[in-house]
Ligand code: ATP
């Protein structure tokens, strides 16, 4: 066990401090479904914004898309999901537990959690049977088989079916990509580990269309770019690793696949957070066949037509949010104090609150000055005003939610118009002129 298991502590911190709540908690909760609270929604949104900026805004060769969750049911026949999006399911007749037959080593026997399902004397596992993970529902007023639709289990198919719409409307030339962020749904047999595996989650996917023959080169390019993105997010290099899919793990149409894995600590250890796949021309060819519409690209320069190959990058917004939280959580001793502190060392660009503003006392014009500073900064950053409790307690509260800077207005401030800025990680305090505060913070928050 390399990294400590911080999951239980994180779940409790996330609830207490408004990051993540269990869904419908007042009714006893919905199984493995979570709601993002005020600080959680900011954290996840900023992670999505970083992805969107890196993939769409900063590149000429990738276009954005927001396709609908409900799609024509033929989509899922063509993609292979109706026939093949299955996990092997086993039941235990003794405890009524349900497990994924291929992930028994990750599961705990409900009767004896120190063992895997099947290892306890009383376990009675059934034969594995195939279970389709797609949520089915009905479109329109009639519940008949003709009206069956699915909640999409991945966002990618919305991109494939819009390949020509985007290419032609935006006059893109291969190689180019299409990116989108959106909800996906999978009726997972064994969801769990907080927001790691849930039945409703958000994906950030990009399909990059390339000329056959150039695909492996592009695959390597995207593999490297995506790993760098996780490093830039502040995930620790020693917690990130590639996992190459072996021949038995590879989907039959895939030419190569690597997962970016992150060390979540404890028994979970290294787990996939993103997949980078060379999907060949499988998806576009399938949709051509099932829709009877050509999905070819015409290369005007070389006067040739072909179905492009696809390099896919697919990452879970919730899973990366969890990775960022696990990566950031630390407990430390504080010199000269009995009580230590809990810190979320989040990358400043994704911290839900960028700066907290404190008047040292509630008198002598300090709250008024602090309020003026809050009003001035608010247009540029998410800031928090706090005047309750000792200054030490206020620092602790901000450390625990990952606020990179605390600005204190003290007796000197009202006279010489300076404030102290405390750095979350180094604990160093600097005195800054109020007029320079916005620029100072902006400089520290970029990247
Ligand atoms: P797993 O093997 O863990 O079920 P997968 O290989 O099926 O995952 P992909 O289909 O490649 O996953 O999905 C791409 C990304 O979407 C994953 O890397 C993960 O970040 C995210 N993801 C997939 N399933 C879930 C889920 N149930 N809950 C949260 N995120 C998910």
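The values are calculated or read from the model by the stated rules, or taken from the named source; none is laboratory data. For clarity, every value in this text was computed on a predicted model and none was experimentally measured. Glycine gets a Cβ as well: all are built from the backbone with ideal geometry, and neighbour counts include every protein chain shown.
Within region 185-198, the set of residues being under 15 Å from the mean Cα position of the chain (by Cα), modelled with pLDDT under 95 and within 9 Å of the ligand (Cβ to nearest atom) is empty.
Of all the numbered requirements in (1) near the ligand (Cβ under 10 Å from one of its atoms); (2) surrounded by fewer than 18 Cβ atoms within 10 Å (Cβ to Cβ), residue 168 misses one, and that requirement is (1). Number of residues in region 254-277 that are surrounded by 16 or more Cβ atoms within 10 Å (Cβ to Cβ), away from the ligand (no atom under 13 Å from the Cβ) and within 30 Å of residue 191 (Cβ to Cβ) equals 4.
Scanning region 223-252 for residues that are in contact with a helix residue (DSSP H, G or I) (Cβ under 7 Å, 6 or more places away or on another chain), more than 14 Å from the ligand (Cβ to nearest atom) and closer than 22 Å to residue 207 by Cα yields a total of 1.
Figure legend. Inter-residue proximity from region 140-163: first residues without any contact (Cβ under 8 Å) to a residue 24 or more places away in the chain, second residues in a loop (DSSP other than H, G, I, E, B) and more than 16 Å from the ligand (Cβ to nearest atom), beta-carbon distance below 6 Å, spacing 6+ or different chains. Indicated pairs: 147/139; 147/140. Selection of region 233-291 for residues being within 30 Å of residue 107 (Cβ to Cβ) and part of a helix (DSSP H, G or I) yields 238, 239.
Annotation note: Cβ proximity below 7 Å between a residue of region 413-431 that is on the phi > 0 side of the Ramachandran plot and a residue that is outside any loop (DSSP other than H, G, I, E, B) (sequence gap 6+ or interchain) occurs for 417/433; 417/434. Residues that are touching a helix residue (DSSP H, G or I) at 6+ places or on another chain (Cβ under 7 Å), within 16 Å of the ligand (Cβ to nearest atom) and under 27 Å from residue 446 (Cα atoms) number at least 2 in the following helices (runs of 4 or more DSSP H) confined to region 304-405: 317-328. The sole residue among 184, 179, 256 that is touching a residue at least 12 places away in the same chain (Cβ under 8 Å), within 30 Å of residue 98 (Cβ to Cβ) and in contact with a strand residue (DSSP E or B) (Cβ under 6 Å, 6 or more places away or on another chain) is 184. Any chance you could count how many residues in region 278-292 are more than 16 Å from the ligand (Cβ to nearest atom) and either without any contact (Cβ under 8 Å) to a residue 60 or more places away in the chain or farther than 27 Å from residue 168 by Cβ (or both)? Final tally of qualifying residues: 3. The one condition from (1) modelled with pLDDT of 90 or more; (2) crowded, with 16+ Cβ neighbours inside 10 Å; (3) within 30 Å of residue 149 (Cβ to Cβ) that residue 83 does not meet is (2). Taking the criterion of being within 21 Å of residue 271 (Cβ to Cβ), modelled with pLDDT of 90 or more and out of contact with any strand residue (DSSP E or B) (no Cβ under 7 Å at 6 or more places or on another chain), the only residue of region 110-129 that qualifies is 116.
Where residues in region 36-51 are in contact with a strand residue (DSSP E or B) (Cβ under 8 Å, 6 or more places away or on another chain) and over 17 Å from residue 347 (Cα atoms), which of them is surrounded by the fewest Cβ atoms within 10 Å (Cβ to Cβ)? For region 36-51, the residue satisfying everything is 37.
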